[in-house]
Every structure is written in C-alpha cells, then in structure tokens.
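First comes the structure, then the notes that go with it.
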Amino acid sequence: MATLPTIDHELLRTFVAIVDQSGFTRAAQTVNRTQSAVSMQIKRLEEDVIQRPLFVRQSKPLQLTSEGHTLLGYARKILSLQGEALTLLRQPDMVGRVRLGVPDDYVMRFLPGILKTFSQAWPLVDVDVHCAPSSVLSQQPKDSLDLIIMTREIGDEIGTILRREATVWVSAESHSSHLQSPVPLAMFEAPCFCRRHACNALDRAGRAYRVAYSSPSLATLQAVVGAGLAVSAWMHSLVTADMQILGTKEGFPDLPEASIILQRTSSTQSPIIDSLAEHIVEGFRL
C-alpha cells in the first residue's frame, strides 16, 4: 500500500514566513536562513511534496496559487498544533490561569496585540481580564489579581512605568462642540485625574463649562465625542482618526502628562505571570 509523503514542519514554517513577510528576503531573516536556502526549501515543497506550484511566478506583489491558499490554512493549523503539543508535553507548568486588571481605556488600543503574542507563547493558559477604572483597580485586595495596568499622575507611580503620555483635549473632527459656551464636557466618572485636571485647568483659564456626560467607559465617551456632543480629555494614544486635538489656540489650556504603570499584586511566583508582564511591557512600547 502506497504511503503519502510527509511534510517537514520546517518547510511549512518557511512557507508561512514567506506569506507573512510578503517575500523571500524578509522571510529568510525570520527563519534565520539564507535567501537561497529558503528558495530551495520552497522548490522542494513544490516539486517533491505538493507537486504543485504554490506561488504565482513573476507576480508583484507576491501571490499564492489556489493550491498555495489551501496549504496556507493547513500549514498554520499544523504549526499551531505542533507548538501546543510540545508546550504541554515539555512544560506542563505552562498550563494555568492569570488574572489581569486593566481600565477599558487600554483594552482596544493595547490589549489585542499583547494577548495575541502571549497566547502564541502560552497557548493553554487562560487569561481572566477584569476591566475597571484605575481608581477602582488601585483598591483591589492583594492577591485578587495578578497584574494591574493603571493610569497614574507623574510622581505617584508605584510599579513599572510602561509609558508616559500627554493628556489632551479632543473633539469630533467635523463638529464645533468646542465653540459652545459653556463648553459641554464628556468625562470619566470621579475620581479621575483627567477629569480633575481638566476641570481645574478650565477654572484657572476662566472658561465656562459643564460636565454634560459622565461614564466609566472610554467607548461611551468616544461615542459621545464622536457624535459632536461634547469635548473630552484623555491620553494621547487613545485619540482616534476622526477626532481633533484642541489646544490653547482653541481656548483649551495645556494638561499635565500622566504615566501608565504595571503593578504585580500577586504574591504567587509563576513563570506565567512573569511572561504576561513581559508581554505587557513590550506591547506598550509599540
């Protein structure tokens, strides 16, 4: 009975790298081989194993044939399953759970990339994400969470500083809520340093305002501001493309910088917690 040839996982890894890096040159750097070695691997995969072309020759940008598209899906699954099996068998301590507290301010902006890379390294670890404002997270009982991401004022940082950012005034790009008097504000619920500094700055500048909308959710504030109903103040990295930053020219005084910090609150010694902390630090550098 004839047996089908097996596919060397290194050939699959190189094939996937070429697709992800959009070319042979960058893929060679990813898999730590020369470009000629990568070309030979693909030739072997096409001629000896699949016996079909995987790439459309002479096409720019690089394009897959229909067989290439089919193989790509299977290749990702095979490599993922192989990594999962090796992880479980070689390091059973990589199975577990980690508890992360984070304000929803940073969930959409930073968390997807962080959790994606973490899941690739620890595919069998469960991550419990607890969303709450920084003021609530700072009061969590010890050991109720393993790691907490919080916003802190400069000089009040206890933990690892992930980044420092300007606090900025924002309004919808195509609306004029910032021209109203009193200016309507959409602010995080008190206590919140952004709210406190924003209101204090307007008081000192003699600018009339009213807190027209209040919420613990960034998504809610973004919806209100995006609809042109109010002006708000939050960290610069959270400004979306449909918003404009307001400054002294528009009558809005400068606001102080703030720090985003990471605290380890669990007394448990765990490589899982250590690894997630490292992924968080790296994720906030981007």
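For the residues SER134, SER138, SER144, the requirement of being free of Cβ contacts under 8 Å to residues at least 24 places away in the same chain and not acidic (Asp, Glu) singles out SER138.
Scanning the stretch 146-171 for residues that are surrounded by 20 or more Cβ atoms within 10 Å (Cβ to Cβ), over 20 Å from the mean Cα position of the chain (by Cα) and either closer than 30 Å to SER80 by Cα or not β-branched (Val, Ile, Thr) (or both) yields a count of 2. Summed over the stretch 193-225, residues that are part of a helix (DSSP H, G or I) and closer than 23 Å to GLU257 by Cβ total 17. Does MET187 satisfy the condition of being in contact (Cβ under 8 Å) with a residue 40 or more places away in the chain and loosely packed, with under 14 Cβ neighbours inside 10 Å? No, not satisfied. Selection within the stretch 29-62: residues that are outside any helix (DSSP H, G or I) and at pLDDT 85 or above. The member of this set that is surrounded by the most Cβ atoms within 10 Å (Cβ to Cβ) is LEU54. Across the stretch 202-210, a minimum of one residue is classified as among the charged types (D, E, K, R) and free of Cβ contacts under 8 Å to residues at least 12 places away in the same chain.
Taken over the stretch 98-117, residues that are more than 16 Å from GLN140 (Cβ to Cβ), modelled with pLDDT of 90 or more and not in a helix (DSSP H, G or I) amount to 0. Restricted to the stretch 190-208, and to residues there that are farther than 18 Å from SER237 by Cβ and aliphatic (A, V, I, L, M), the residue that is surrounded by the most Cβ atoms within 10 Å (Cβ to Cβ) is LEU202. If the condition is being under 25 Å from the mean Cα position of the chain (by Cα), buried (at least 17 other Cβ atoms within 10 Å of the Cβ) and not in a loop (DSSP other than H, G, I, E, B), then the stretch 245-266 contributes ALA258, SER259, ILE260, ILE261, LEU262, GLN263.
The values are calculated or read from the model by the stated rules, or taken from the named source; none is laboratory data. These numbers come from a predicted model, not from an experiment. Here Cβ is always computed from backbone atoms with ideal geometry, including for glycine, and neighbour counts include all displayed protein chains.
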